[in-house]
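Okay, structure first, notes after.
The values are calculated or read from the model by the stated rules, or taken from the named source; none is laboratory data. Just so it is clear, the structure is predicted and the values come from calculations on it, not from any experiment. Positions of Cβ are backbone-derived with ideal geometry, glycine not excepted, and every protein chain shown enters the neighbour counts. We work out accessible area using only protein heavy atoms, side chains counted, and drop any ligands, DNA or RNA first. Shrake-Rupley method; radii C 1.70, N 1.55, O 1.52, S 1.80 Å.
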Amino acid sequence: MSRTPPSPQAPPLVLTIAGSDSGGGAGIQADLKTMLAHGVHGMSVIAAVTAQNSLGVQGYWELPPEAVRAQLDSVLSDIGVHALKTGMLASTVLVEIAAEALAASDAPSVVDPVGVSKHGDSLLAPDAVDAVRSVLLPAATVVTPNLHEVEQLTGVKVVDEGGLREAAEAVKALGPAWVLIKGGHLPGEPADLLFDGEREYRFTAPRHDNRHTHGTGCTLASAIASNLALGYDVPTAVARAKDYVTAAIAAGFPLGAGIGPVDHAWRRRS
């Protein structure tokens with residue numbers, strides 16, 4: 001006797017609002033790969049297009065504001081989301097559009113306040129930093145700045161692990177619910193600090209001897225968003241994301257003549 005197969009159900013839904021990376025290691029491409037690896041359905045709003053490879057960013061072009069708004073309206077009005085993530089937003093108006101979407105949604109959001117690329121190329125207009133501070137961070141559930149972005153946003157310069165708490169307090173004062181300060185550029189074992197104004201969680205991991213780390217920030221933020229969409233609380237989502245990206249760094253591979261990407265598919269290949 002044949003049986004009717006059960007109707008498939010959609011997995012949790014995660015939307016990334018970010019820039020496209022033509023080299024495939026960071027940006028929208030890294031976000032969607034990370035989401036697939038976590039078993040969620042990834043959707044995208046492209047805010048900018050980059051010409052980018054393993055050597056750096058050769059150029060970028062913002063999409064018109066009406067194109068970004070139309071993408072947001074298409075996804076949010078019909079499909080909906082269980083979590084949102086932002087990355088490269090390039091300009092003040094695009095930061096403001098993304099912030100409006102985050103503030104209007106009940107879903108948790110992860111803001112990766114992208115200022116420069118792995119190669120040091122600027123990906124955010126100088127006049128957009130104020131908009132990140134004033135409208136984007138207050139709308140975020142979790143914000144994930146690296147040490148350069150902490151200094152850009154707050155003026156606080158971290159030189160050792162002891163400075164992570166001061167950095168977290170300075171970013172928390174800008175309004176997000178949680179702050180994850182990424183300390184991977186400090187000497188010694190990578191240490192990150194998660195802070196909500198009262199509670200503090202520290203995450204450490206072994207430092208892998210691997211220069212192929214393109215896309216780590218995008219990947220970590222997308223992994224956090226994916227785990228939030230799966231129903232985990234913020235500390236657990238961050239811990240799971242940290243484990244995922246640490247293994248992805250360990251499996252990073254050479255690509256082109258410069259810095260290769262982390263391996264988003266390390267679970268499949270291992």
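Is there a residue in the stretch 56-77 that is over 30 Å from Asp196 (Cα atoms), at pLDDT below 95 and touching a His at 6+ places or on another chain (Cβ under 7 Å)? Yes, the stretch 56-77 has at least one match.
Those residues that are surrounded by 14 or more Cβ atoms within 10 Å (Cβ to Cβ) and not hydrophobic (A, V, I, L, M, F, W, C), I need them from the stretch 182-198; list them, please. Steps first, please.
Going through the stretch 182-198, the residues surrounded by 14 or more Cβ atoms within 10 Å (Cβ to Cβ) turn out to be 182-184, 186, 190-196.
If the condition is that a residue be surrounded by 14 or more Cβ atoms within 10 Å (Cβ to Cβ) and not hydrophobic (A, V, I, L, M, F, W, C), then Lys182, Gly183, Gly184, Pro190, Asp192, Asp196 are the ones that fit.
Of the residues making up the stretch 221-242, those that are open to solvent by 10 Å² or more (accessible area, probe 1.4 Å), touching a residue at least 12 places away in the same chain (Cβ under 8 Å) and assigned to a helix (DSSP H, G or I) are Leu228, Ala229, Val234, Pro235, Ala239, Arg240, Lys242. Contact map, the stretch 58-82: first residue on the phi > 0 side of the Ramachandran plot, second residue among the charged types (D, E, K, R) and open to solvent by less than 100 Å² (accessible area, probe 1.4 Å), Cβ cut-off under 8 Å, separation 6 or more or different chains; the map is empty. From (1) open to solvent by less than 10 Å² (accessible area, probe 1.4 Å); (2) part of a helix (DSSP H, G or I); (3) free of Cβ contacts under 8 Å to residues at least 60 places away in the same chain, pick out the condition that doesn't hold for Val179. Tallying (1) open to solvent by less than 10 Å² (accessible area, probe 1.4 Å); (2) part of a helix (DSSP H, G or I); (3) free of Cβ contacts under 8 Å to residues at least 60 places away in the same chain, Val179 fails exactly one: (2). Just to be sure I understand, how many residues within the stretch 251-260 are in contact (Cβ under 8 Å) with a residue 24 or more places away in the chain, under 14 Å from Asp209 (Cα atoms) and open to solvent by less than 80 Å² (accessible area, probe 1.4 Å)? Number satisfying all stated conditions: 4.
Would you confirm, using the coordinates I've provided, whether Lys118 is basic (Lys, Arg), touching a residue at least 12 places away in the same chain (Cβ under 8 Å) and open to solvent by 20 Å² or more (accessible area, probe 1.4 Å)?
Numbers: basic (Lys, Arg): yes; touching a residue at least 12 places away in the same chain (Cβ under 8 Å): yes; open to solvent by 20 Å² or more (accessible area, probe 1.4 Å): yes.
Taking the combined requirement at face value, the residue satisfies it.
Residues in the stretch 40-81 that are in contact with a helix residue (DSSP H, G or I) (Cβ under 8 Å, 6 or more places away or on another chain) and assigned to a helix (DSSP H, G or I): Pro65, Val68, Arg69, Leu72, Leu76. Considering (1) touching a Leu at 6+ places or on another chain (Cβ under 7 Å); (2) in a loop (DSSP other than H, G, I, E, B); (3) on the phi < 0 side of the Ramachandran plot; (4) open to solvent by 20 Å² or more (accessible area, probe 1.4 Å), the lone condition that Tyr201 does not fulfil carries the number (2).
Which members of the stretch 98-114 meet the condition of being assigned to a helix (DSSP H, G or I) and more than 20 Å from Glu149 (Cβ to Cβ)? Outline the logic, then answer.
The first filter runs over the stretch 98-114 and keeps only residues assigned to a helix (DSSP H, G or I), leaving 98-104.
Glu100, Ala101, Ala103, Ala104 - these are the residues of the stretch 98-114 that are assigned to a helix (DSSP H, G or I) and more than 20 Å from Glu149 (Cβ to Cβ).
Tell me, yes or no, whether the stretch 103-110 has at least one residue that is under 17 Å from the mean Cα position of the chain (by Cα) and of a type in the set (A, V, I, L, M, F, W, C). Checked the stretch 103-110: at least one residue is under 17 Å from the mean Cα position of the chain (by Cα) and of a type in the set (A, V, I, L, M, F, W, C).
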